[in-house]
Amino acid sequence: MKKKKNDILLCDLDAFFASVELLDNPALEGIPVLVGGSPEGRGVVSTCSYEARKYGVRSAMPMKKALALCPGAVVLRGRMSRYKEMSDQVRLIFQRFTPDIEFVSIDEAYLAVKEGRGPVTGRAIHTAVREELGLPISVGISVNKLLAKIACELAKPNNVGAIWPVDIQDRLWPLPIRMLPGIGPVTEEKLHRLGIKTIRDLASCPKKTLVRVFGNNTETIHCYAHGIDNREFEAEHEAKSISEETTFPEDIHDREAIQAVLLELSSGVGYRLRSSGTSARTITLKLRFKDFRTITRSISLPETICRDSDIYRAARSLFEKHCSKPPWRLVGVQASGFEQGSQISLLKPSPEEEKEGKLTLTRDTLRKKYGSEVVFQGRRLKKK
Ligand SMILES: [Mg+2]
């Protein structure tokens with residue numbers, strides 16, 4: 001099959017959590033806003049407004065340090081369900097422009113559109129999100145994910161920009177190596193010692209030198225330095241997995257709280273499975289610990305599932321088996337191993353199962369109509 005060519009857009013909301021807070025409370029206008037954990041504990045900044053960034057505050061910085069840099073900042077704990085609600089609104093806007101969307105996180109998605117349509121679509125999305133939701137968003141446009149991502153970084157904040165293959169020498173090569181995915185502070189340091197500072201330096205460096213730093217990833221990084229990115233575009237409608245995750249603004253020690261979040265994530269995954277008429281055979285739990293160590297643990301089931309309670313049961317059993325010691329920083333639930341059509345069980349459903357089936361149907365209908373926050377299960381109330 002001939003592969004069709006697309007323009008790729010990266011749409012990334014600017015300082016998303018802080019922008020939502022500003023939107024809901026205009027009195028914060030002009031004041032630096034930090035969303036994250038408490039400065040008394042070992043809380044970190046999860047998002048900071050551009051106002052706060054002027055003081056050198058960055059995300060993932062300890063809150064204490066952020067406040068030392070920017071004593072006038074307002075610290076907010078964050079309202080995940082509100083952010084999720086706004087994210088869903090943005091998602092609906094994206095869907096008006098293309099069905100080919102790959103969601104990266106709550107505030108970021110790649111979109112594929114017909115070749116040549118990128119710039120027009122990018123500007124239209126920017127305007128729609130600004131005018132309809134009042135949120136700042138940046139859009140990067142190119143022919144692949146890598147260049148779209150970099151174009152977006154350069155456009156930020158609140159702007160639209162493109163990098164095309166003809167721009168590689170003039171616009172990609174002068175950039176610092178840190179702009180490439182996969183180059184963090186440690187790798188950057190190693191490359192600096194080899195005299196490699198810009199992407200141009202990297203592009204012209206012999207591969208056998210790079211092998212010492214990148215090993216098996218040398219080819220990929222070499223391609224990136226030339227603006228080539230062979231990563232597949234994985235649109236949601238043909239996704240191989242459906243997942244939801246939550247990063248906590250500070251360490252969570254409470255097992256019950258994690259279980260409540262697991263239930264919430266499981267119903268999110270269940271809803272998306274049912275909406276796409278699929279059921280899944282494999283459930284994966286993702287956990288991140290305080291030291292940023294991340295594990296994923298899966299279970300494959302004898303039957304495919306799509307009910308919230310089945311997904312939750314699987315995720316919870318994985319959690320109980322592998323949760324290790326608190327505190328936790330992130331928890332995620334993923335479903336994969338899809339089969340089209342909901343599983344028809346050979347056994348007659350028990351009255352309990354029948355009741356749950358009916359309830360689920362009602363919840364899904366309400367959710368489709370009014371959004372995710374209207375419908376919740378009793379257990380989630382205990383979180384407060
Ligand atoms: Mg963002």
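The values are calculated or read from the model by the stated rules, or taken from the named source; none is laboratory data. Small disclaimer: the values here were computed from a predicted structure and weren't measured. For neighbour counting, all protein chains shown are included, and Cβ atoms are generated from backbone atoms with ideal geometry for every residue, glycine included.
Restricting the search to region 1-33, which residues are part of a helix (DSSP H, G or I) and either among the acidic types (Asp, Glu) or away from the ligand (no atom under 12 Å from the Cβ) (or both)?
Applying the first criterion (part of a helix (DSSP H, G or I)) to region 1-33 yields 16-24, 26-28.
Result: GLU21, LEU22, LEU23, ASP24, PRO26, ALA27, LEU28.
Which of the strands (runs of 3 or more DSSP E) found entirely inside region 186-305 contain at least 1 residues meeting this: over 21 Å from the mean Cα position of the chain (by Cα)?
Values: elements: 241-252, 278-289, 294-305.
Output list reads 278-289, 294-305.
Does region 339-352 include one or more residues that are of a type in the set (Ser, Thr, Tyr) and modelled with pLDDT of 90 or more?
no
Residues of region 192-221 being surrounded by 15 or more Cβ atoms within 10 Å (Cβ to Cβ) and either outside the structural domain of ILE177 (by TED's automatic domain parsing) or of a type in the set (A, V, I, L, M, F, W, C) (or both), which ones?
Those that are surrounded by 15 or more Cβ atoms within 10 Å (Cβ to Cβ) and either outside the structural domain of ILE177 (by TED's automatic domain parsing) or of a type in the set (A, V, I, L, M, F, W, C) (or both): ILE196, ILE199, LEU202, ALA203, CYS205, LEU210, VAL213, PHE214, ILE221.
Look through region 84-127, keep the residues that are in contact with a strand residue (DSSP E or B) (Cβ under 9 Å, 6 or more places away or on another chain) and among the small types (Gly, Ala, Ser), and return whichever of them is modelled with the lowest pLDDT.
The residue in question is SER105.
Scan region 127-177 for residues that are of a type in the set (Asp, Glu) and either within 28 Å of GLN89 (Cβ to Cβ) or in contact (Cβ under 8 Å) with a residue 40 or more places away in the chain (or both) and report the count. Walk me through how you get there before you give the answer.
Step one: filter region 127-177 for residues of a type in the set (Asp, Glu), giving 131-132, 153, 167, 170.
When the remaining residues are screened for being either within 28 Å of GLN89 (Cβ to Cβ) or in contact (Cβ under 8 Å) with a residue 40 or more places away in the chain (or both), the result is 131-132, 153.
Of the residues in region 127-177, 3 are of a type in the set (Asp, Glu) and either within 28 Å of GLN89 (Cβ to Cβ) or in contact (Cβ under 8 Å) with a residue 40 or more places away in the chain (or both).
Pick out the one residue from GLY36, GLY43 that is within 16 Å of the ligand (Cβ to nearest atom) and buried (at least 17 other Cβ atoms within 10 Å of the Cβ). It would help to see each step written out before you state the result.
Details: GLY43 fails: within 16 Å of the ligand (Cβ to nearest atom).
Testing whether each residue is within 16 Å of the ligand (Cβ to nearest atom) and buried (at least 17 other Cβ atoms within 10 Å of the Cβ) leaves just GLY36.
State yes or no: is ASP229 at pLDDT 90 or above, of a type in the set (D, E, K, R) and farther than 21 Å from SER298 by Cα? Break it down stepwise before answering.
Details: at pLDDT 90 or above: yes; of a type in the set (D, E, K, R): yes; farther than 21 Å from SER298 by Cα: yes.
So ASP229 passes the test.
All but one of (1) hydroxyl-bearing (Ser, Thr, Tyr); (2) free of Cβ contacts under 8 Å to residues at least 24 places away in the same chain; (3) exposed (fewer than 14 other Cβ atoms within 10 Å of the Cβ) hold for SER81, so report the exception by its number.
(2)
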